[in-house]
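This report concerns only the one structure given below.
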Amino acid sequence: MILVTGGAGFIGANFVLDWLAQSDEPVITLDKLTYAGNPENLQSLQGDARHTLVQGDIGDAALVAKLLAEHQPRAVINFAAESHVDRSIHGPGDFIQTNIVGTFHLLESVRGYWSNLPENLDCHGSAPLAMTAGATKSSFRFLHVSTDEVYGSLTKDDPAFTETSHIEPNSPYSASKAASDHLVRAWHHTYGLPVLTTNCSNNYGPYHFPEKLIPLLIVNSLVGKPLPVYGDGQQIRDWLYVKDHCSAIRRVLEAGRLGEIYNVGGWNEKANLDIVHTVCALLDELRPRADGKPYKDQITYVTDRPGHDRRYAIDAHKLERELGWKPAETFDSGIRKTVQWYLDNPDWVTHVQSGAYREWVQKHYK
């Protein structure tokens, strides 16, 4: 049994779906089900006895303690976070509350649970529930999922971020994530909590909320809206297909060294404007405009956002060297799969944009 926090969001939902596609080990998903926590992301698991979705906040110590005691997970994978830079600029309070205070409460709940786990299995068959479920003090793991944005910004010629790069966050979002990373590290060094941390580059793929660049481009293109490009569009990001990210997390959970940080990247540095042109070209091929014009005609340059980091780049050699992980997708293969997924799932897009999925939440979670 594992507990996944933030498991109805973009990356978390992909992780849960991938986990249960490859394993029968049950999953408890805890998610606050805010605007980006969409239960429709996990709709294919309805009726699956291996999965339970619980609405709740990682900062609710009583609820988290109850879930831990009841289900006795052998690992907690923490995806729960407010994660949009623009939203953090306009309303930083939610980011401080969830990403810092929430992570603190989660760590404390997990520490209390972990400290009471048995040291090892009883070979005579008289083990309590925690033992028979595989949860022991030595085998338990807390894996914290974070971002490359904690490292700050790079110039065009700077080497990519490594696990020992300086922490220099430039937005309220990245500052709150950096603080949560530090808390996780401190709970390991102070209390011995068996933690692992991953810092990933920009994810893309299915179930991505359409406020982010790639899904926004796809959705806006199809309805004839402008395709906004901040500033000159030359901000560079390393792009990671979400299912590759999920496989990296599974590998770190399986074999990562306790207390270590592992950077997860796709080896795909691309300027934002190049991403826009790539998406437009794919849509020209897969869903041409009715008037025959190219989608790039919808590109609109807008004022750059405050504190917009110029370049992120991840050096994932440690993960490759120590754990043998490499991404399976190139950017060309991953972006084609992503565009096709959005073309094949218009109902999901419509429900997300209209907020219709909130009705499901209200019906099932009073």
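The values are calculated or read from the model by the stated rules, or taken from the named source; none is laboratory data. What you see is a predicted model; the values in this text were computed from it and never measured. When we count neighbours, we look across all protein chains shown, and the Cβ atoms used for this are built from the backbone with ideal geometry, even at glycine.
In the range 262-275, of all residues being within 27 Å of ALA21 (Cβ to Cβ) and more than 15 Å from the chain's Cα centre (by Cα), the one that is surrounded by the fewest Cβ atoms within 10 Å (Cβ to Cβ) corresponds to TRP267.
Checking ASP18, ASP57 one by one, the residue that is assigned to a helix (DSSP H, G or I), of a type in the set (D, E, K, R), under 17 Å from the mean Cα position of the chain (by Cα) and modelled with pLDDT of 95 or more is ASP18 and no other.
In the set LYS156, LYS212, which member is of a type in the set (Lys, Arg), surrounded by fewer than 23 Cβ atoms within 10 Å (Cβ to Cβ) and over 18 Å from GLU82 (Cα atoms)?
On the way: LYS212 fails: over 18 Å from GLU82 (Cα atoms).
Going through LYS156, LYS212 in turn, just one is of a type in the set (Lys, Arg), surrounded by fewer than 23 Cβ atoms within 10 Å (Cβ to Cβ) and over 18 Å from GLU82 (Cα atoms): LYS156.
If you go through the range 248-261 and keep only what is in contact with a Phe, Trp or Tyr (Cβ under 8 Å, 6 or more places away or on another chain) and either part of a helix (DSSP H, G or I) or surrounded by fewer than 18 Cβ atoms within 10 Å (Cβ to Cβ) (or both), you end up with ALA248, ILE249, ARG250, ARG251, VAL252. Checking each residue in the range 21-51 for being part of a strand (DSSP E or B), more than 16 Å from the chain's Cα centre (by Cα) and of a type in the set (A, V, I, L, M, F, W, C) picks out VAL27, ILE28.
Counting only residues that are part of a loop (DSSP other than H, G, I, E, B) and either touching a residue at least 12 places away in the same chain (Cβ under 8 Å) or surrounded by 15 or more Cβ atoms within 10 Å (Cβ to Cβ) (or both), how many does the range 276-328 have? Quick ask: steps written out before the conclusion?
The first filter runs over the range 276-328 and keeps only residues part of a loop (DSSP other than H, G, I, E, B), leaving 287-294, 303-310, 312-313, 315-316, 324-328.
Still in the list and also either touching a residue at least 12 places away in the same chain (Cβ under 8 Å) or surrounded by 15 or more Cβ atoms within 10 Å (Cβ to Cβ) (or both): 287, 289, 294, 303-310, 312-313, 315-316, 324-325, 327-328.
Of the residues in that region, 19 qualify.
Listed by first and then second residue, the pairs linking a residue in the range 83-100 that is farther than 20 Å from ASP31 by Cβ and β-branched (Val, Ile, Thr) to a residue that is modelled with pLDDT of 95 or more and not in a helix (DSSP H, G or I), with Cβ atoms under 8 Å apart and 6 or more places separating them unless they lie on different chains, form an empty list.
Residue-wise test of (1) touching a Cys at 6+ places or on another chain (Cβ under 8 Å); (2) at pLDDT below 95; (3) not acidic (Asp, Glu).
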position: ASP284; (1), (2), (3): no, no, no
position: GLY307; (1), (2), (3): no, yes, yes
position: GLY324; (1), (2), (3): no, no, yes
position: GLY334; (1), (2), (3): no, no, yes
position: VAL339; (1), (2), (3): no, no, yes
position: ASP344; (1), (2), (3): no, no, no
position: GLN353; (1), (2), (3): no, yes, yes
position: TYR357; (1), (2), (3): no, yes, yes
position: GLN362; (1), (2), (3): no, yes, yes
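Of all residues in the range 217-232, those being at pLDDT 95 or above, in contact with a Phe, Trp or Tyr (Cβ under 9 Å, 6 or more places away or on another chain) and surrounded by fewer than 18 Cβ atoms within 10 Å (Cβ to Cβ) number 1.
Listed by first and then second residue, the pairs linking a residue in the range 341-364 that is farther than 14 Å from LEU216 by Cα to a residue that is surrounded by fewer than 11 Cβ atoms within 10 Å (Cβ to Cβ) and modelled with pLDDT of 95 or more, with Cβ atoms under 7 Å apart and 6 or more places separating them unless they lie on different chains, form an empty list. Selection over the range 136-145 of residues that are crowded, with 23+ Cβ neighbours inside 10 Å and either of a type outside the set (Phe, Trp, Tyr) or assigned to a loop (DSSP other than H, G, I, E, B) (or both) gives a count of 3. In this entry, ALA69 passes the filter for residues that are at pLDDT 95 or above, within 19 Å of LEU193 (Cα to Cα), surrounded by fewer than 22 Cβ atoms within 10 Å (Cβ to Cβ) and hydrophobic (A, V, I, L, M, F, W, C).
For the range 79-94, the set of residues classified as at pLDDT below 90 and either in a loop (DSSP other than H, G, I, E, B) or more than 24 Å from TYR230 (Cα to Cα) (or both) consists of SER83, HIS84, listed by residue number. Residues of the range 186-232 that are over 17 Å from VAL302 (Cβ atoms), assigned to a helix (DSSP H, G or I) and of a type in the set (Ser, Thr, Tyr): THR190, TYR191.
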